[in-house]
Amino acid sequence: VRRAVRRVGPGGRVFVTGCAARLSPGVFAGLAENIRVVTGEPQEIAADIQRELNGGSHLSAEAESLPPETRTETGRTRFFLKVQDGCANRCSYCIIPEVRGKPRSIPALEVLATAKKMVRAGYPELVVSGINAGIWRDGDLELAGLMERLAQTEGLARLRLSSIEATRVTEELLEVMNRNSRIGRHLHLPLQSGDDRVLTAMGRRYDTTAFREAVDLARKKLPGVNLTTDVIVGFPGEDEEAFTNTVSYVEETGFSRLHVFSYSPRPVTAAAR
(Lines give C-alpha, C1' and ligand atoms only; values in the text may rest on other atoms or scores of the structure.)
Protein backbone atom coordinates (compact mmCIF):
# COMPACT_ATOMS: atom_id res chain seq x y z
CA VAL A 1 0.00 0.00 0.00
CA ARG A 2 2.87 2.38 0.79
CA ARG A 3 4.42 1.55 -2.58
CA ALA A 4 1.14 2.38 -4.31
CA VAL A 5 0.96 5.71 -2.48
CA ARG A 6 4.48 6.60 -3.65
CA ARG A 7 3.65 5.56 -7.21
CA VAL A 8 0.49 7.65 -7.60
CA GLY A 9 1.86 10.67 -5.76
CA PRO A 10 -0.12 13.19 -3.67
CA GLY A 11 -2.57 13.86 -6.51
CA GLY A 12 -3.58 10.22 -6.91
CA ARG A 13 -5.85 7.94 -4.92
CA VAL A 14 -5.27 4.49 -3.45
CA PHE A 15 -8.11 2.10 -2.63
CA VAL A 16 -7.43 -0.74 -0.20
CA THR A 17 -9.72 -3.78 -0.21
CA GLY A 18 -9.66 -7.43 0.82
CA CYS A 19 -9.17 -9.45 3.98
CA ALA A 20 -6.52 -7.23 5.55
CA ALA A 21 -8.67 -4.14 4.95
CA ARG A 22 -11.62 -5.79 6.69
CA LEU A 23 -9.47 -6.87 9.62
CA SER A 24 -7.53 -3.63 10.24
CA PRO A 25 -9.08 -0.72 8.32
CA GLY A 26 -7.62 1.90 10.65
CA VAL A 27 -4.06 0.73 10.04
CA PHE A 28 -4.30 1.32 6.30
CA ALA A 29 -6.36 4.49 6.46
CA GLY A 30 -3.71 6.10 8.66
CA LEU A 31 -0.83 5.53 6.22
CA ALA A 32 -1.64 8.51 3.98
CA GLU A 33 -4.35 11.07 3.35
CA ASN A 34 -5.12 9.79 -0.16
CA ILE A 35 -5.88 6.21 0.98
CA ARG A 36 -9.45 4.99 1.15
CA VAL A 37 -10.35 1.63 2.68
CA VAL A 38 -13.32 0.02 0.92
CA THR A 39 -15.02 -3.04 2.40
CA GLY A 40 -18.12 -5.04 1.62
CA GLU A 41 -19.08 -7.49 -1.09
CA PRO A 42 -17.01 -7.35 -4.31
CA GLN A 43 -19.79 -5.85 -6.42
CA GLU A 44 -20.38 -3.14 -3.82
CA ILE A 45 -16.66 -2.37 -3.59
CA ALA A 46 -16.30 -2.08 -7.36
CA ALA A 47 -19.33 0.19 -7.67
CA ASP A 48 -18.14 2.36 -4.77
CA ILE A 49 -14.71 2.86 -6.33
CA GLN A 50 -16.21 3.51 -9.75
CA ARG A 51 -18.50 6.20 -8.35
CA GLU A 52 -15.60 7.95 -6.66
CA LEU A 53 -13.45 7.82 -9.79
CA ASN A 54 -16.36 9.34 -11.71
CA GLY A 55 -16.66 12.16 -9.23
CA GLY A 56 -19.82 10.75 -7.73
CA SER A 57 -21.70 10.74 -11.02
CA HIS A 58 -23.84 7.84 -12.17
CA LEU A 59 -22.66 5.55 -14.94
CA SER A 60 -24.27 5.37 -18.32
CA ALA A 61 -27.12 2.93 -18.89
CA GLU A 62 -24.81 0.80 -21.05
CA ALA A 63 -22.17 0.58 -18.31
CA GLU A 64 -24.77 -0.13 -15.65
CA SER A 65 -25.88 -3.19 -17.58
CA LEU A 66 -22.56 -4.90 -16.81
CA PRO A 67 -21.29 -6.10 -13.42
CA PRO A 68 -19.26 -3.34 -11.72
CA GLU A 69 -15.99 -5.30 -11.85
CA THR A 70 -16.20 -5.34 -15.66
CA ARG A 71 -15.88 -1.59 -15.88
CA THR A 72 -12.44 -1.60 -14.30
CA GLU A 73 -11.06 -4.40 -16.50
CA THR A 74 -10.64 -2.58 -19.80
CA GLY A 75 -8.34 -4.37 -22.22
CA ARG A 76 -8.40 -7.65 -20.29
CA THR A 77 -9.23 -11.02 -21.82
CA ARG A 78 -9.77 -13.03 -18.62
CA PHE A 79 -12.65 -12.59 -16.18
CA PHE A 80 -12.61 -14.13 -12.71
CA LEU A 81 -16.04 -15.60 -12.13
CA LYS A 82 -16.65 -15.78 -8.39
CA VAL A 83 -18.91 -18.69 -7.47
CA GLN A 84 -18.30 -19.01 -3.73
CA ASP A 85 -17.18 -17.07 -0.66
CA GLY A 86 -16.25 -17.88 2.93
CA CYS A 87 -14.62 -20.91 4.53
CA ALA A 88 -15.11 -23.03 7.64
CA ASN A 89 -11.92 -25.12 7.47
CA ARG A 90 -10.13 -22.97 10.06
CA CYS A 91 -6.58 -23.90 9.17
CA SER A 92 -4.43 -22.77 12.09
CA TYR A 93 -2.57 -20.09 10.09
CA CYS A 94 -5.55 -18.61 8.23
CA ILE A 95 -7.59 -15.50 9.02
CA ILE A 96 -10.12 -15.99 6.21
CA PRO A 97 -12.93 -17.51 8.37
CA GLU A 98 -12.80 -14.38 10.53
CA VAL A 99 -13.02 -11.88 7.69
CA ARG A 100 -14.98 -13.78 5.03
CA GLY A 101 -17.49 -15.61 7.22
CA LYS A 102 -19.25 -18.90 6.68
CA PRO A 103 -19.16 -20.70 3.31
CA ARG A 104 -21.83 -19.63 0.86
CA SER A 105 -22.36 -20.51 -2.78
CA ILE A 106 -23.66 -18.16 -5.44
CA PRO A 107 -26.74 -19.77 -7.09
CA ALA A 108 -26.12 -21.57 -10.36
CA LEU A 109 -28.54 -19.43 -12.37
CA GLU A 110 -26.76 -16.27 -11.21
CA VAL A 111 -23.34 -17.71 -12.04
CA LEU A 112 -24.46 -18.83 -15.49
CA ALA A 113 -26.10 -15.48 -16.21
CA THR A 114 -22.93 -13.61 -15.24
CA ALA A 115 -20.82 -15.92 -17.39
CA LYS A 116 -23.05 -15.31 -20.40
CA LYS A 117 -23.00 -11.56 -19.84
CA MET A 118 -19.21 -11.40 -19.48
CA VAL A 119 -18.57 -13.42 -22.64
CA ARG A 120 -20.92 -11.10 -24.52
CA ALA A 121 -19.00 -8.15 -23.04
CA GLY A 122 -15.85 -9.40 -24.76
CA TYR A 123 -14.16 -11.75 -22.30
CA PRO A 124 -13.22 -14.98 -24.13
CA GLU A 125 -11.86 -16.65 -20.98
CA LEU A 126 -13.53 -17.25 -17.62
CA VAL A 127 -11.79 -18.41 -14.44
CA VAL A 128 -14.06 -20.06 -11.86
CA SER A 129 -12.91 -18.83 -8.45
CA GLY A 130 -13.85 -18.67 -4.79
CA ILE A 131 -12.36 -18.75 -1.31
CA ASN A 132 -13.10 -22.49 -1.24
CA ALA A 133 -14.49 -23.10 -4.72
CA GLY A 134 -14.39 -26.88 -4.42
CA ILE A 135 -17.30 -26.93 -1.97
CA TRP A 136 -19.66 -24.99 -4.27
CA ARG A 137 -23.14 -26.46 -4.27
CA ASP A 138 -26.64 -25.49 -5.36
CA GLY A 139 -29.16 -28.16 -4.39
CA ASP A 140 -28.00 -31.40 -5.99
CA LEU A 141 -25.65 -29.56 -8.36
CA GLU A 142 -21.98 -29.62 -7.36
CA LEU A 143 -18.88 -28.02 -8.87
CA ALA A 144 -18.47 -30.66 -11.60
CA GLY A 145 -21.98 -30.01 -12.87
CA LEU A 146 -21.48 -26.26 -12.75
CA MET A 147 -18.27 -26.55 -14.78
CA GLU A 148 -20.11 -28.68 -17.34
CA ARG A 149 -22.83 -26.06 -17.75
CA LEU A 150 -20.38 -23.16 -17.88
CA ALA A 151 -18.40 -24.91 -20.61
CA GLN A 152 -21.48 -24.72 -22.83
CA THR A 153 -21.61 -20.90 -22.66
CA GLU A 154 -22.05 -19.60 -26.20
CA GLY A 155 -18.97 -17.76 -27.47
CA LEU A 156 -16.70 -18.94 -24.65
CA ALA A 157 -13.16 -19.84 -25.78
CA ARG A 158 -11.65 -21.06 -22.53
CA LEU A 159 -12.82 -22.02 -19.05
CA ARG A 160 -10.39 -22.43 -16.18
CA LEU A 161 -10.67 -23.56 -12.58
CA SER A 162 -8.74 -21.70 -9.91
CA SER A 163 -7.44 -23.20 -6.67
CA ILE A 164 -9.33 -26.11 -5.07
CA GLU A 165 -8.43 -28.37 -2.17
CA ALA A 166 -7.03 -31.80 -3.01
CA THR A 167 -9.88 -33.35 -1.03
CA ARG A 168 -12.29 -31.91 -3.61
CA VAL A 169 -10.69 -33.58 -6.63
CA THR A 170 -13.36 -36.07 -7.69
CA GLU A 171 -13.65 -38.48 -10.59
CA GLU A 172 -16.75 -36.63 -11.78
CA LEU A 173 -14.93 -33.30 -11.88
CA LEU A 174 -11.96 -34.78 -13.73
CA GLU A 175 -14.23 -36.50 -16.25
CA VAL A 176 -16.03 -33.22 -16.94
CA MET A 177 -12.69 -31.48 -17.48
CA ASN A 178 -11.51 -34.30 -19.75
CA ARG A 179 -14.50 -34.34 -22.09
CA ASN A 180 -14.84 -30.57 -22.49
CA SER A 181 -12.11 -29.15 -24.70
CA ARG A 182 -12.88 -25.60 -23.55
CA ILE A 183 -11.80 -26.42 -19.98
CA GLY A 184 -8.09 -25.93 -19.32
CA ARG A 185 -6.23 -29.03 -18.10
CA HIS A 186 -4.87 -27.35 -15.01
CA LEU A 187 -5.38 -27.89 -11.29
CA HIS A 188 -3.96 -25.70 -8.54
CA LEU A 189 -3.92 -27.86 -5.40
CA PRO A 190 -2.53 -26.12 -2.28
CA LEU A 191 -0.14 -28.49 -0.50
CA GLN A 192 1.30 -26.10 2.15
CA SER A 193 3.64 -28.77 3.57
CA GLY A 194 5.00 -32.15 2.56
CA ASP A 195 5.41 -33.23 6.18
CA ASP A 196 2.52 -34.96 7.97
CA ARG A 197 3.35 -33.54 11.39
CA VAL A 198 3.32 -29.99 10.04
CA LEU A 199 0.10 -30.64 8.11
CA THR A 200 -1.54 -31.74 11.36
CA ALA A 201 -0.31 -28.60 13.13
CA MET A 202 -1.67 -26.52 10.25
CA GLY A 203 -5.08 -28.11 10.65
CA ARG A 204 -5.12 -29.29 7.04
CA ARG A 205 -7.70 -31.96 6.28
CA TYR A 206 -5.42 -34.43 4.51
CA ASP A 207 -2.02 -36.06 4.90
CA THR A 208 0.69 -36.56 2.29
CA THR A 209 -0.74 -39.95 1.31
CA ALA A 210 -4.22 -38.55 0.63
CA PHE A 211 -2.73 -35.63 -1.33
CA ARG A 212 -0.69 -38.03 -3.47
CA GLU A 213 -3.81 -40.09 -4.17
CA ALA A 214 -5.57 -36.96 -5.45
CA VAL A 215 -2.59 -36.16 -7.70
CA ASP A 216 -2.46 -39.72 -9.05
CA LEU A 217 -6.20 -39.67 -9.74
CA ALA A 218 -5.89 -36.37 -11.61
CA ARG A 219 -3.08 -37.67 -13.79
CA LYS A 220 -4.97 -40.87 -14.52
CA LYS A 221 -8.31 -39.28 -15.41
CA LEU A 222 -6.97 -36.09 -17.00
CA PRO A 223 -3.92 -36.98 -19.13
CA GLY A 224 -1.46 -34.14 -19.50
CA VAL A 225 -2.91 -32.20 -16.55
CA ASN A 226 -0.76 -29.30 -15.36
CA LEU A 227 -0.40 -29.24 -11.55
CA THR A 228 0.64 -26.23 -9.47
CA THR A 229 0.64 -25.69 -5.72
CA ASP A 230 1.21 -23.44 -2.69
CA VAL A 231 3.80 -24.10 0.03
CA ILE A 232 4.35 -22.34 3.36
CA VAL A 233 7.88 -22.45 4.79
CA GLY A 234 8.94 -21.55 8.31
CA PHE A 235 5.66 -22.63 9.90
CA PRO A 236 5.90 -22.70 13.73
CA GLY A 237 7.49 -26.01 14.72
CA GLU A 238 8.85 -26.81 11.27
CA ASP A 239 12.35 -28.21 11.79
CA GLU A 240 15.03 -29.13 9.26
CA GLU A 241 13.65 -32.64 8.84
CA ALA A 242 10.14 -31.38 8.12
CA PHE A 243 11.49 -28.84 5.62
CA THR A 244 13.55 -31.54 3.88
CA ASN A 245 10.45 -33.77 3.73
CA THR A 246 8.58 -30.97 1.97
CA VAL A 247 11.35 -30.38 -0.57
CA SER A 248 11.51 -34.11 -1.34
CA TYR A 249 7.73 -34.40 -1.62
CA VAL A 250 7.53 -31.45 -4.02
CA GLU A 251 10.30 -32.89 -6.19
CA GLU A 252 8.69 -36.33 -6.29
CA THR A 253 5.23 -34.95 -7.11
CA GLY A 254 6.55 -32.93 -10.05
CA PHE A 255 4.57 -29.68 -9.87
CA SER A 256 5.13 -27.33 -12.80
CA ARG A 257 5.09 -24.25 -10.58
CA LEU A 258 5.20 -23.40 -6.88
CA HIS A 259 3.90 -20.38 -5.01
CA VAL A 260 6.15 -20.37 -1.93
CA PHE A 261 5.31 -18.16 1.03
CA SER A 262 7.26 -17.51 4.22
CA TYR A 263 4.98 -18.02 7.21
CA SER A 264 3.68 -14.78 8.69
CA PRO A 265 1.42 -14.70 11.76
CA ARG A 266 -2.19 -13.60 11.41
CA PRO A 267 -3.87 -12.19 14.53
CA VAL A 268 -6.35 -14.41 16.44
CA THR A 269 -5.14 -17.56 14.65
CA ALA A 270 -3.96 -20.63 16.55
CA ALA A 271 -0.58 -20.62 14.78
CA ALA A 272 0.07 -17.02 15.83
CA ARG A 273 -0.61 -17.94 19.46
| Within the range 1-29, restricting attention to residues that are charged (D, E, K, R) and more than 19 Å from residue 267 (Cα to Cα), which residue is surrounded by the most Cβ atoms within 10 Å (Cβ to Cβ)? | 13
| task | Scan (1) farther than 11 Å from residue 192 by Cβ; (2) surrounded by 14 or more Cβ atoms within 10 Å (Cβ to Cβ); (3) of a type outside the set (Ser, Thr, Tyr) for the single condition residue 232 breaks and write down its number. | result | (1)
| Given the conditions (1) open to solvent by 20 Å² or more (accessible area, probe 1.4 Å); (2) modelled with pLDDT of 95 or more; (3) β-branched (Val, Ile, Thr), which single one is not true for residue 153? | (1)
| query | Does residue 235 satisfy the criteria of being in a helix (DSSP H, G or I), modelled with pLDDT of 95 or more and of a type outside the set (Gly, Ala, Ser)? | reply | no
| query | What single numbered condition from (1) more than 25 Å from residue 201 (Cβ to Cβ); (2) of a type outside the set (Ser, Thr, Tyr); (3) assigned to a loop (DSSP other than H, G, I, E, B) fails to hold for residue 118? | reply | (3)
| query | Of all residues in the range 71-107, which are part of a loop (DSSP other than H, G, I, E, B), open to solvent by 70 Å² or more (accessible area, probe 1.4 Å) and modelled with pLDDT under 85? | reply | 74, 75, 76
| message | If I filter the range 243-264 for residues that are at pLDDT below 95 and either touching a Gly at 6+ places or on another chain (Cβ under 6 Å) or loosely packed, with under 12 Cβ neighbours inside 10 Å (or both), do I get at least one hit? | response | yes
| task | Give the residue that is surrounded by the fewest Cβ atoms within 10 Å (Cβ to Cβ), with candidates limited to residues of the range 180-201 that are outside any helix (DSSP H, G or I), of a type outside the set (Gly, Ala, Ser) and over 22 Å from the mean Cα position of the chain (by Cα). | result | 180
| request: Please list, ordered by first then second residue, the pairs with beta carbon atoms under 7 Å, 6 or more apart or interchain, first in the range 21-32 and of a type in the set (A, V, I, L, M), second open to solvent by 40 Å² or more (accessible area, probe 1.4 Å) and outside any helix (DSSP H, G or I). | output: 21/39; 31/1
| request: Starting from residues that are aliphatic (A, V, I, L, M) and in a helix (DSSP H, G or I), keep the ones in the range 30-55 and report whichever is nearest to residue 269 (Cα to Cα). | output: 45
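The values are calculated or read from the model by the stated rules, or taken from the named source; none is laboratory data. Quick caveat: nothing in here was measured; it's all calculated off a predicted structure. Methodologically, a virtual Cβ is constructed for each residue, glycine included, from the backbone with ideal geometry; neighbour enumeration extends over all protein chains shown. The protein model used for the area step is the full one, side chains on, heavy atoms only, and it has no ligands, DNA or RNA in it. Shrake-Rupley method; radii C 1.70, N 1.55, O 1.52, S 1.80 Å.
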